[in-house]
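Q: Below you'll find the structure I mean.
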Amino acid sequence: MTASPLAAWRDRLAALAPVLDAAEQPFRSQLTVRVSDPDAIAAMGSALGVQFPSAACTFTSGSGRFGDVEVLWLGPDEFLVVAAPDLQITIEEVLRGALGTVRGSVVDTSAQRTTVVLEGPKVRDVLAHGCSVDLHPASAPGGTCVQTLLARTGIILQVNGDDRVTVLVRSSFAEYLAAWLCDACSEYLAVA
Amino acid sequence: MQLIPCPWCGPREEAEFHYGGQAHVAYPEDPSALTDEEWAQYVFFRENPSGPFAERWSHNAGCRRWFNAVRDTRTHDLLAVYRVGEPMPEVIA
(Lines give C-alpha, C1' and ligand atoms only; values in the text may rest on other atoms or scores of the structure.)
Protein backbone atom coordinates (compact mmCIF):
# COMPACT_ATOMS: atom_id res chain seq x y z
CA MET A 1 0.00 0.00 0.00
CA THR A 2 1.43 3.34 -1.04
CA ALA A 3 1.36 6.12 1.52
CA SER A 4 -0.80 9.07 0.48
CA PRO A 5 0.96 12.41 -0.23
CA LEU A 6 -0.16 13.87 3.10
CA ALA A 7 -0.07 10.71 5.25
CA ALA A 8 2.75 12.18 7.36
CA TRP A 9 0.74 15.38 7.90
CA ARG A 10 -2.46 13.81 9.25
CA ASP A 11 -1.81 14.72 12.89
CA ARG A 12 -0.53 18.20 12.16
CA LEU A 13 -3.60 18.96 10.00
CA ALA A 14 -5.91 17.53 12.68
CA ALA A 15 -4.24 19.86 15.21
CA LEU A 16 -5.67 22.87 13.29
CA ALA A 17 -9.06 22.22 14.90
CA PRO A 18 -11.12 24.11 16.03
CA VAL A 19 -10.03 26.79 13.52
CA LEU A 20 -10.07 24.38 10.60
CA ASP A 21 -11.12 20.78 10.21
CA ALA A 22 -8.51 19.80 7.63
CA ALA A 23 -8.29 16.28 6.29
CA GLU A 24 -6.83 14.66 3.20
CA GLN A 25 -9.05 12.59 0.93
CA PRO A 26 -6.36 10.64 -0.89
CA PHE A 27 -6.42 8.52 -4.05
CA ARG A 28 -9.69 9.83 -5.47
CA SER A 29 -10.41 8.83 -9.08
CA GLN A 30 -9.77 11.78 -11.38
CA LEU A 31 -10.23 11.91 -15.13
CA THR A 32 -9.38 14.86 -17.35
CA VAL A 33 -11.92 15.14 -20.15
CA ARG A 34 -11.25 17.31 -23.20
CA VAL A 35 -14.31 17.70 -25.42
CA SER A 36 -16.09 20.65 -27.00
CA ASP A 37 -19.01 19.00 -28.86
CA PRO A 38 -22.22 19.81 -26.88
CA ASP A 39 -23.91 16.50 -27.82
CA ALA A 40 -20.88 14.50 -26.65
CA ILE A 41 -20.78 16.50 -23.41
CA ALA A 42 -24.46 15.67 -22.81
CA ALA A 43 -23.91 12.00 -23.66
CA MET A 44 -20.98 11.75 -21.22
CA GLY A 45 -23.07 13.44 -18.55
CA SER A 46 -25.87 10.92 -19.05
CA ALA A 47 -23.45 7.99 -18.97
CA LEU A 48 -22.04 9.31 -15.70
CA GLY A 49 -25.39 10.21 -14.15
CA VAL A 50 -24.13 13.75 -13.50
CA GLN A 51 -24.47 16.48 -16.11
CA PHE A 52 -21.32 18.45 -16.95
CA PRO A 53 -21.21 22.10 -15.78
CA SER A 54 -22.26 24.55 -18.47
CA ALA A 55 -21.06 27.74 -16.76
CA ALA A 56 -17.39 28.67 -16.41
CA CYS A 57 -15.78 28.34 -12.97
CA THR A 58 -18.48 26.05 -11.51
CA PHE A 59 -18.85 22.37 -10.72
CA THR A 60 -21.72 19.92 -10.66
CA SER A 61 -22.19 16.99 -8.32
CA GLY A 62 -24.59 14.13 -8.00
CA SER A 63 -25.03 10.48 -7.31
CA GLY A 64 -25.12 7.93 -10.08
CA ARG A 65 -23.95 4.45 -10.89
CA PHE A 66 -20.45 5.37 -9.66
CA GLY A 67 -21.63 6.79 -6.34
CA ASP A 68 -20.97 10.43 -5.56
CA VAL A 69 -19.38 12.07 -8.59
CA GLU A 70 -18.29 15.65 -9.21
CA VAL A 71 -17.58 17.26 -12.57
CA LEU A 72 -15.36 20.35 -12.42
CA TRP A 73 -15.10 23.01 -15.11
CA LEU A 74 -11.40 23.55 -15.88
CA GLY A 75 -11.63 25.35 -19.21
CA PRO A 76 -13.99 25.96 -22.13
CA ASP A 77 -13.40 22.42 -23.43
CA GLU A 78 -11.85 20.81 -20.36
CA PHE A 79 -13.43 19.08 -17.36
CA LEU A 80 -12.27 17.02 -14.40
CA VAL A 81 -14.42 14.09 -13.30
CA VAL A 82 -13.82 13.19 -9.64
CA ALA A 83 -15.14 10.06 -7.91
CA ALA A 84 -14.31 7.66 -5.10
CA PRO A 85 -10.96 5.78 -5.25
CA ASP A 86 -10.38 2.85 -7.62
CA LEU A 87 -13.12 3.74 -10.10
CA GLN A 88 -10.92 5.44 -12.68
CA ILE A 89 -10.58 2.52 -15.07
CA THR A 90 -14.31 1.79 -15.17
CA ILE A 91 -15.26 5.45 -15.55
CA GLU A 92 -12.64 5.94 -18.25
CA GLU A 93 -14.15 3.11 -20.28
CA VAL A 94 -17.69 4.41 -19.83
CA LEU A 95 -16.76 7.97 -20.79
CA ARG A 96 -14.76 6.82 -23.81
CA GLY A 97 -17.79 4.79 -24.90
CA ALA A 98 -20.02 7.85 -24.55
CA LEU A 99 -17.51 9.99 -26.46
CA GLY A 100 -17.55 7.53 -29.37
CA THR A 101 -15.85 8.86 -32.48
CA VAL A 102 -16.24 12.53 -31.54
CA ARG A 103 -12.95 14.42 -31.22
CA GLY A 104 -11.92 14.52 -27.59
CA SER A 105 -9.98 12.69 -24.92
CA VAL A 106 -10.44 11.01 -21.54
CA VAL A 107 -7.24 10.63 -19.50
CA ASP A 108 -6.74 9.12 -16.06
CA THR A 109 -5.00 11.80 -13.96
CA SER A 110 -5.78 10.31 -10.54
CA ALA A 111 -2.14 10.30 -9.44
CA GLN A 112 -1.68 13.96 -10.35
CA ARG A 113 -3.48 15.53 -7.41
CA THR A 114 -4.52 14.82 -3.88
CA THR A 115 -7.51 16.39 -2.16
CA VAL A 116 -7.65 18.39 1.06
CA VAL A 117 -11.06 19.17 2.54
CA LEU A 118 -11.16 22.27 4.75
CA GLU A 119 -14.10 23.05 6.98
CA GLY A 120 -14.63 25.69 9.62
CA PRO A 121 -15.94 29.22 10.14
CA LYS A 122 -12.50 30.71 9.37
CA VAL A 123 -11.85 28.75 6.18
CA ARG A 124 -12.28 31.72 3.82
CA ASP A 125 -10.16 33.97 6.06
CA VAL A 126 -7.33 31.43 6.20
CA LEU A 127 -7.33 30.92 2.42
CA ALA A 128 -7.38 34.70 1.84
CA HIS A 129 -3.87 34.82 3.33
CA GLY A 130 -2.50 33.34 0.11
CA CYS A 131 -5.23 33.43 -2.52
CA SER A 132 -6.08 36.48 -4.65
CA VAL A 133 -9.51 35.21 -5.75
CA ASP A 134 -12.39 36.98 -4.02
CA LEU A 135 -13.68 34.36 -1.59
CA HIS A 136 -16.55 36.41 -0.16
CA PRO A 137 -19.69 34.23 -0.19
CA ALA A 138 -21.33 36.72 -2.56
CA SER A 139 -18.54 36.27 -5.14
CA ALA A 140 -17.76 32.61 -4.48
CA PRO A 141 -21.00 30.85 -3.51
CA GLY A 142 -21.30 27.09 -3.14
CA GLY A 143 -20.72 25.45 -6.53
CA THR A 144 -17.81 27.71 -7.45
CA CYS A 145 -14.73 25.94 -8.84
CA VAL A 146 -11.66 27.97 -9.79
CA GLN A 147 -8.11 27.14 -10.77
CA THR A 148 -5.83 29.65 -9.16
CA LEU A 149 -2.73 30.13 -7.04
CA LEU A 150 -2.70 29.54 -3.29
CA ALA A 151 0.59 30.67 -1.80
CA ARG A 152 2.12 30.45 -5.30
CA THR A 153 0.98 26.84 -5.70
CA GLY A 154 -1.43 25.95 -8.49
CA ILE A 155 -4.65 24.57 -7.03
CA ILE A 156 -8.21 23.77 -7.96
CA LEU A 157 -10.47 25.34 -5.35
CA GLN A 158 -14.02 24.06 -4.94
CA VAL A 159 -16.45 25.93 -2.73
CA ASN A 160 -18.85 23.38 -1.23
CA GLY A 161 -20.65 25.76 1.11
CA ASP A 162 -20.22 28.80 3.33
CA ASP A 163 -17.74 27.04 5.64
CA ARG A 164 -16.46 24.21 3.48
CA VAL A 165 -13.85 24.28 0.72
CA THR A 166 -12.14 21.46 -1.18
CA VAL A 167 -8.61 22.04 -2.48
CA LEU A 168 -7.06 19.82 -5.14
CA VAL A 169 -3.29 20.18 -5.21
CA ARG A 170 -0.54 18.45 -7.12
CA SER A 171 0.81 15.55 -5.06
CA SER A 172 4.36 16.89 -5.06
CA PHE A 173 3.18 20.30 -3.77
CA ALA A 174 0.86 18.84 -1.13
CA GLU A 175 3.33 18.90 1.75
CA TYR A 176 4.31 22.50 1.00
CA LEU A 177 0.64 23.47 0.98
CA ALA A 178 0.00 21.64 4.27
CA ALA A 179 2.93 23.48 5.85
CA TRP A 180 1.57 26.78 4.54
CA LEU A 181 -1.91 25.96 5.92
CA CYS A 182 -0.48 25.25 9.37
CA ASP A 183 1.34 28.59 9.28
CA ALA A 184 -1.69 30.53 8.02
CA CYS A 185 -3.85 29.07 10.82
CA SER A 186 -1.39 29.93 13.60
CA GLU A 187 -2.78 33.41 14.33
CA TYR A 188 -6.31 32.04 14.70
CA LEU A 189 -5.11 29.15 16.86
CA ALA A 190 -3.41 31.61 19.20
CA VAL A 191 -6.72 33.27 20.13
CA ALA A 192 -8.94 30.21 19.86
CA MET B 1 -2.07 44.09 -7.54
CA GLN B 2 -3.03 44.36 -11.20
CA LEU B 3 -6.14 42.41 -12.16
CA ILE B 4 -6.38 41.04 -15.69
CA PRO B 5 -9.89 40.11 -16.89
CA CYS B 6 -9.66 36.64 -18.43
CA PRO B 7 -12.45 36.26 -21.02
CA TRP B 8 -13.35 32.89 -19.44
CA CYS B 9 -12.58 33.21 -15.71
CA GLY B 10 -13.09 36.91 -15.02
CA PRO B 11 -10.66 39.23 -13.22
CA ARG B 12 -7.62 37.46 -11.79
CA GLU B 13 -4.25 38.47 -10.41
CA GLU B 14 -1.55 39.32 -12.92
CA ALA B 15 0.72 36.57 -11.48
CA GLU B 16 -1.62 33.95 -12.97
CA PHE B 17 -0.93 35.15 -16.50
CA HIS B 18 1.84 34.76 -19.04
CA TYR B 19 2.66 37.37 -21.68
CA GLY B 20 2.75 36.29 -25.32
CA GLY B 21 3.82 39.33 -27.31
CA GLN B 22 2.05 41.13 -30.11
CA ALA B 23 -1.27 39.68 -31.31
CA HIS B 24 -2.44 39.25 -34.89
CA VAL B 25 0.99 38.39 -36.34
CA ALA B 26 -0.09 36.05 -39.11
CA TYR B 27 2.12 33.11 -40.07
CA PRO B 28 3.33 33.58 -43.67
CA GLU B 29 1.21 31.69 -46.20
CA ASP B 30 4.29 30.33 -47.97
CA PRO B 31 7.29 30.59 -45.60
CA SER B 32 9.72 29.06 -48.09
CA ALA B 33 9.02 31.86 -50.57
CA LEU B 34 10.16 34.55 -48.15
CA THR B 35 13.50 36.28 -48.47
CA ASP B 36 15.77 36.32 -45.42
CA GLU B 37 14.79 39.91 -44.81
CA GLU B 38 11.07 39.15 -44.97
CA TRP B 39 11.53 36.16 -42.65
CA ALA B 40 13.48 38.31 -40.19
CA GLN B 41 10.65 40.86 -40.32
CA TYR B 42 8.15 38.13 -39.44
CA VAL B 43 10.24 36.54 -36.68
CA PHE B 44 11.86 39.49 -34.95
CA PHE B 45 10.15 42.79 -35.79
CA ARG B 46 7.22 43.93 -33.64
CA GLU B 47 5.28 47.12 -33.13
CA ASN B 48 6.30 49.21 -30.15
CA PRO B 49 3.53 51.78 -29.81
CA SER B 50 3.07 54.34 -27.07
CA GLY B 51 -0.62 53.72 -26.43
CA PRO B 52 -3.08 50.87 -27.16
CA PHE B 53 -1.35 47.65 -28.18
CA ALA B 54 -3.02 44.32 -29.06
CA GLU B 55 -1.22 41.50 -27.23
CA ARG B 56 -1.55 37.80 -26.55
CA TRP B 57 -1.91 36.65 -22.95
CA SER B 58 -2.29 33.18 -21.49
CA HIS B 59 -4.15 32.43 -18.26
CA ASN B 60 -1.50 29.96 -17.14
CA ALA B 61 -2.62 29.29 -13.58
CA GLY B 62 -6.32 29.23 -14.48
CA CYS B 63 -8.10 27.94 -17.56
CA ARG B 64 -4.77 27.82 -19.48
CA ARG B 65 -6.34 29.46 -22.53
CA TRP B 66 -4.73 32.05 -24.78
CA PHE B 67 -6.64 35.25 -25.40
CA ASN B 68 -5.99 38.70 -26.77
CA ALA B 69 -5.94 41.96 -24.86
CA VAL B 70 -5.56 45.60 -25.81
CA ARG B 71 -3.25 47.24 -23.30
CA ASP B 72 -2.28 50.89 -23.08
CA THR B 73 1.50 50.73 -22.88
CA ARG B 74 1.65 54.14 -21.19
CA THR B 75 -0.63 53.31 -18.26
CA HIS B 76 -0.70 49.48 -18.22
CA ASP B 77 -4.53 49.73 -18.36
CA LEU B 78 -6.20 46.81 -20.08
CA LEU B 79 -8.71 48.48 -22.37
CA ALA B 80 -10.32 45.31 -23.76
CA VAL B 81 -9.96 41.53 -23.75
CA TYR B 82 -11.31 39.23 -26.44
CA ARG B 83 -11.08 35.55 -27.32
CA VAL B 84 -8.78 34.16 -29.97
CA GLY B 85 -10.43 34.38 -33.39
CA GLU B 86 -12.53 37.39 -32.49
CA PRO B 87 -11.75 40.71 -34.20
CA MET B 88 -9.94 43.40 -32.25
CA PRO B 89 -12.55 45.65 -30.64
CA GLU B 90 -12.50 49.41 -31.10
CA VAL B 91 -10.94 51.03 -28.07
CA ILE B 92 -10.65 54.62 -26.96
CA ALA B 93 -7.41 55.27 -25.15
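The values are calculated or read from the model by the stated rules, or taken from the named source; none is laboratory data. None of the values given here were measured: they were computed from a predicted structure. All Cβ positions, glycine included, derive from the backbone under ideal geometry; neighbour counts span all protein chains shown. Ligands, DNA and RNA are stripped out before the accessible areas are found, and what is left, the full protein with its side chains, is counted by its heavy atoms. Shrake-Rupley method; radii C 1.70, N 1.55, O 1.52, S 1.80 Å.
Q: Yes or no: region B:25-44 includes at least one residue that is of a type in the set (Val, Ile, Thr), within 14 Å of another protein chain (Cβ to nearest Cβ) and at negative phi.
A: Within region B:25-44 (the criterion being of a type in the set (Val, Ile, Thr), within 14 Å of another protein chain (Cβ to nearest Cβ) and at negative phi), the answer is no, since none of the residues qualifies.
Q: Looking at (1) open to solvent by 40 Å² or more (accessible area, probe 1.4 Å); (2) away from every other protein chain (no Cβ under 14 Å); (3) at pLDDT 95 or above, which is the only condition B:His18 fails?
A: Condition not satisfied by B:His18: (2).
Q: Related question: Give the number of residues within region B:1-15 that are more than 11 Å from chain A (Cβ to nearest Cβ) and part of a helix (DSSP H, G or I).
A: Going through region B:1-15 one residue at a time, the tally reaches 0.
Q: Also: Could you please find all residues in region B:21-35 being crowded, with 17+ Cβ neighbours inside 10 Å and part of a helix (DSSP H, G or I)?
A: Selection gives nothing.
Q: Here's something else I'd like to know. Just to verify a result, which residue in region A:31-50, among those that are assigned to a loop (DSSP other than H, G, I, E, B) and out of contact with any strand residue (DSSP E or B) (no Cβ under 6 Å at 6 or more places or on another chain), is surrounded by the most Cβ atoms within 10 Å (Cβ to Cβ)?
A: So the residue we want is A:Asp37.
Q: Name, by its number, the condition in (1) more than 14 Å from chain B (Cβ to nearest Cβ); (2) surrounded by 19 or more Cβ atoms within 10 Å (Cβ to Cβ); (3) in contact with a helix residue (DSSP H, G or I) (Cβ under 9 Å, 6 or more places away or on another chain) that does not hold for A:Leu177.
A: Here A:Leu177 meets the rest and fails (3).
Q: Next up: If you check B:Arg64 against the conditions, is it within 22 Å of B:Glu13 (Cβ to Cβ) and either hydrophobic (A, V, I, L, M, F, W, C) or not in a strand (DSSP E or B) (or both)?
A: Judged against the criteria, B:Arg64 is a match.
Q: Restricted to region A:51-63, and to residues that are crowded, with 17+ Cβ neighbours inside 10 Å and of a type in the set (S, T, N, Q), which residue is farthest from the other protein chains (Cβ to nearest Cβ)?
A: A:Thr60
Residue by residue, here is whether (1) under 20 Å from A:Gly154 (Cα atoms); (2) in contact (Cβ under 8 Å) with a residue 12 or more places away in the chain holds:
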{"residue": "B:Pro7", "(1), (2)": "yes, yes"}
{"residue": "B:His18", "(1), (2)": "yes, yes"}
{"residue": "B:Glu38", "(1), (2)": "no, no"}
{"residue": "B:Gly51", "(1), (2)": "no, yes"}
{"residue": "B:Ser58", "(1), (2)": "yes, yes"}
{"residue": "B:Val70", "(1), (2)": "no, yes"}
{"residue": "B:Val91", "(1), (2)": "no, yes"}
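Q: Restricting region A:149-173 to residues that are more than 13 Å from the chain's Cα centre (by Cα) and crowded, with 17+ Cβ neighbours inside 10 Å, which is farthest from A:His129 (Cα to Cα)?
A: A:Phe173
Q: Let me ask something else about it. Yes or no: region A:98-105 includes at least one residue that is closer than 27 Å to A:Arg164 by Cβ and surrounded by 15 or more Cβ atoms within 10 Å (Cβ to Cβ).
A: no
Q: I'd like the residue in region A:70-94 that is without any contact (Cβ under 8 Å) to a residue 40 or more places away in the chain, of a type outside the set (Gly, Ala, Ser) and in contact with a Phe, Trp or Tyr (Cβ under 8 Å, 6 or more places away or on another chain) and, out of all such residues, is farthest from the other protein chains (Cβ to nearest Cβ).
A: Among them, the one singled out is A:Thr90.
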